[in-house]
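Before any comments, here is the structure.
The values are calculated or read from the model by the stated rules, or taken from the named source; none is laboratory data. Quantities reported herein were computed from a predicted structural model and do not represent experimental measurements. Neighbour counts are summed over all protein chains in view; Cβ atoms, including those assigned to glycine, are modelled from backbone coordinates with ideal geometry. Areas reflect the complete protein model, heavy atoms only, side chains present, ligands, DNA and RNA absent. Shrake-Rupley method; radii C 1.70, N 1.55, O 1.52, S 1.80 Å.
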Amino acid sequence: IGGIAVGDACYPTLGTGFWLICACVGIALALLSKRAAWRNGCIFVITLTVGATLVNRSEQHADCKLPHGESHYEAIISNTPTLHGKTWRCDLLLTKLNGQPLRNAITVKATVLDDPHRPMQLQTCNGIIASSVLEKPQNRWPNAHFDYALWLRRHGYQAETFIPYWQFHTAEVPMTLGRRQRATLQVRRLRDRIIRHFASSSHADNQDYAILQAMVLGHREAVSKATREAYALSGGSHILALSGLHIGIIFGIFLLVFGRNVFAMTLSILTIWAFAFLVGLPPSVVRSAVMLTIYAFTRLLSRQSSGLNALALAALVILVAQPMALWDVGFRLSFMAVAGILIVYKPLFHVFNPANRLLRWAWGMTCVSVSAQLFTFPLLLHYFGRFASYFLLTNFVVIPAATLLLSLAFLLLLSTPFAALQALFFHAMTTIAGYMNTAVTAISRLPCASLDGHYISAWQTFSLYVALFALIGAYRRFQTKKKLERTGP
């Protein structure tokens with residue numbers, strides 16, 4: 001993380017070559033040094049240079065040279081196109097530019113003006129031939145708290161463009177992409193087929209079905225602005241983004257059905273990784289899949305695992321594969337939420353120990369929600385300037401609903417050969433999603449549901465985390481001292 005931060009700050013002044021030289025010097029000093037402290041210091045420097053090198057490569061990829069003026073190109077639609085008023089929005093992978101095949105596809109955020117006479121029907125993996133001006137990402141709307149151009153760059157977009165319908169048409173385009181990109185596109189096409197299949201047979205309210213798409217398949221584009229705002233005001237936005245909660249529920253369902261033997265553990269891990277690929281490998285899902293994989297292996301080997309070590313390994317896996325993920329708000333919120341649960345949950349849970357099973361469940365849910373919120377609220381204030389007052393009440397609605405929805409999704413998959421039974425499960429899912437939407441909307445309309453406009457600076461955010469960890473450290477020292485006093489000499 002330190003290397004990624006330093007490499008990003010020094011780019012483009014210090015390039016990949018500089019960091020590779022630093023790594024070689026560090027390796028040579030580590031091999032020649034006889035003192036352990038010096039070797040450890042060298043290893044630390046080498047680790048920093050690895051992070052800096054990785055982020056430099058990502059920055060160089062984003063800095064591809066674009067032609068001036070209008071360009072003619074062939075491309076493939078790489079995600080689910082969504083219609084916003086009179087325009088389609090989608091991502092393109094350019095494979096041929098001004099008659100020249102591209103060795104590495106250029107990723108473009110595209111806005112396509114729809115044809116008023118013959119409305120377009122765009123899908124993932126459609127080939128297109130178009131002409132437009134390719135521009136570097138720019139900030140078109142002034143917003144002091146969100147740098148849109150930087151967000152595009154850090155999410156891998158190298159250009160953006162606007163295409164009028166008279167300069168755009170679908171066509172068969174050779175898919176000259178790498179294996180990983182081709183596999184990703186095929187998985188996205190499969191997800192779109194599932195969405196279209198159930199959309200054609202669904203009589204549910206649009207937003208109820210949109211919530212199902214977001215929670216089960218990770219497709220959030222159909223969720224309206226009003227629905228997103230209701231979930232944000234109530235503190236339930238995390239339920240719309242696939243996270244450890246969803247992966248944990250799927251893992252738990254498999255263990256409940258098949259037991260905790262070697263077969264069940266193996267099947268569960270294969271399933272959650274297949275699900276992770278289906279929904280596009282978002283950082284929160286990868287983090288959860290890595291942690292559960294470690295948990296399964298330690299269980300099979302009859303060894304204990306450290307939650308914080310597993311969390312650190314998950315971060316390492318994601319950042320090595322995609323160093324720009326460090327700047328993703330979802331990545332930071334996901335990891336801080338899990339860190340809060342790992343650090344605060346147990347001490348908080350043992351404060352009150354109810355005998356009643358229902359009270360025990362409710363207290364456990366409260367502790368998990370408070371632990372996660374405690375570690376994420378500084379980031380929420382920094383990025384969104386918002387704090388949801390009724391987050392605890394919302395979690396008592398959305399978490400049981402999510403458990404039911406994902407359990408029914410599992411039954412829906414098993415009932416594929418039986419159309420009537422599948423329709424019944426799907427109807428139950430849309431009904432639950434409708435009730436959840438109604439409840440969340442009602443909570444968002446309560447007085448003082450959200451405290452807005454309270455943005456804090458990066459230094460204030462850092463100071464809050466320092467104070468938080470200092471309080472936790474002081475509490476642990478106090479508890480240790482009390483334990484020693486009770487046991488005596």
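Going by the conditions given, is V25 touching a Leu at 6+ places or on another chain (Cβ under 7 Å) and aliphatic (A, V, I, L, M)?
So V25 fails the test.
(1) buried (at least 16 other Cβ atoms within 10 Å of the Cβ); (2) of a type outside the set (D, E, K, R); (3) touching a helix residue (DSSP H, G or I) at 6+ places or on another chain (Cβ under 6 Å); (4) more than 24 Å from R220 (Cβ to Cβ): which one isn't true of T124, the others all being true?
(4)
For region 184-204, check the following and say yes or no: at least one residue is surrounded by 19 or more Cβ atoms within 10 Å (Cβ to Cβ), over 25 Å from I272 (Cα atoms) and at pLDDT below 85.
Checked region 184-204: at least one residue is surrounded by 19 or more Cβ atoms within 10 Å (Cβ to Cβ), over 25 Å from I272 (Cα atoms) and at pLDDT below 85.
I'd like the full set of residues that are small (G, A, S) and modelled with pLDDT under 85, limited to region 16-60.
The one that is small (G, A, S) and modelled with pLDDT under 85: S33.
If I go through region 156-183 residue by residue, how many of them are farther than 21 Å from C64 by Cα, open to solvent by less than 40 Å² (accessible area, probe 1.4 Å) and outside any strand (DSSP E or B)?
3
Kindly indicate the residue of region 368-386 that is under 18 Å from F146 (Cβ atoms) and touching a strand residue (DSSP E or B) at 6+ places or on another chain (Cβ under 7 Å) and also surrounded by the most Cβ atoms within 10 Å (Cβ to Cβ) among those meeting that condition.
L380
Looking at region 354-363, can you tell me whether even one residue there is of a type outside the set (A, V, I, L, M), in a loop (DSSP other than H, G, I, E, B), out of contact with any Gly (no Cβ under 7 Å at 6 or more places or on another chain) and farther than 17 Å from G236 by Cα?
yes
Please enumerate the residues belonging to region 425-463 that are assigned to a helix (DSSP H, G or I), open to solvent by 60 Å² or more (accessible area, probe 1.4 Å), at pLDDT 90 or above and not β-branched (V, I, T).
If the condition is that a residue be assigned to a helix (DSSP H, G or I), open to solvent by 60 Å² or more (accessible area, probe 1.4 Å), at pLDDT 90 or above and not β-branched (V, I, T), then Y435, W459, Q460, F462, S463 are the ones that fit.
Scan region 204-252 for residues that are outside any helix (DSSP H, G or I), without any contact (Cβ under 8 Å) to a residue 24 or more places away in the chain and not β-branched (V, I, T) and jot them down. Give the steps one after another, and end with the answer.
At the first step, the residues of region 204-252 found to be outside any helix (DSSP H, G or I) are 204-205, 218-224, 235-236, 240-243.
Those still in the list that are without any contact (Cβ under 8 Å) to a residue 24 or more places away in the chain too: 220, 223-224.
Of everything in region 204-252, those that are outside any helix (DSSP H, G or I), without any contact (Cβ under 8 Å) to a residue 24 or more places away in the chain and not β-branched (V, I, T) turn out to be R220, S224.
Does L255 satisfy the criteria of being part of a loop (DSSP other than H, G, I, E, B) and in contact (Cβ under 8 Å) with a residue 12 or more places away in the chain? Don't jump to the end; show me each part of the working.
Numbers: part of a loop (DSSP other than H, G, I, E, B): no; in contact (Cβ under 8 Å) with a residue 12 or more places away in the chain: yes.
Considered against the rule, which asks whether it is part of a loop (DSSP other than H, G, I, E, B) and in contact (Cβ under 8 Å) with a residue 12 or more places away in the chain, L255 comes out as no.
Can you list residue pairs whose Cβ atoms sit under 6 Å apart, with the first residue in region 33-56 being touching a residue at least 24 places away in the same chain (Cβ under 8 Å) and the second being surrounded by fewer than 15 Cβ atoms within 10 Å (Cβ to Cβ)? Count only pairs 6 or more apart in sequence or on different chains.
L48/G2
Identify, by number, the condition in (1) closer than 26 Å to I343 by Cα; (2) at pLDDT below 85; (3) of a type in the set (A, V, I, L, M); (4) open to solvent by 20 Å² or more (accessible area, probe 1.4 Å) that L267 doesn't meet.
So the condition that L267 fails would be (1).
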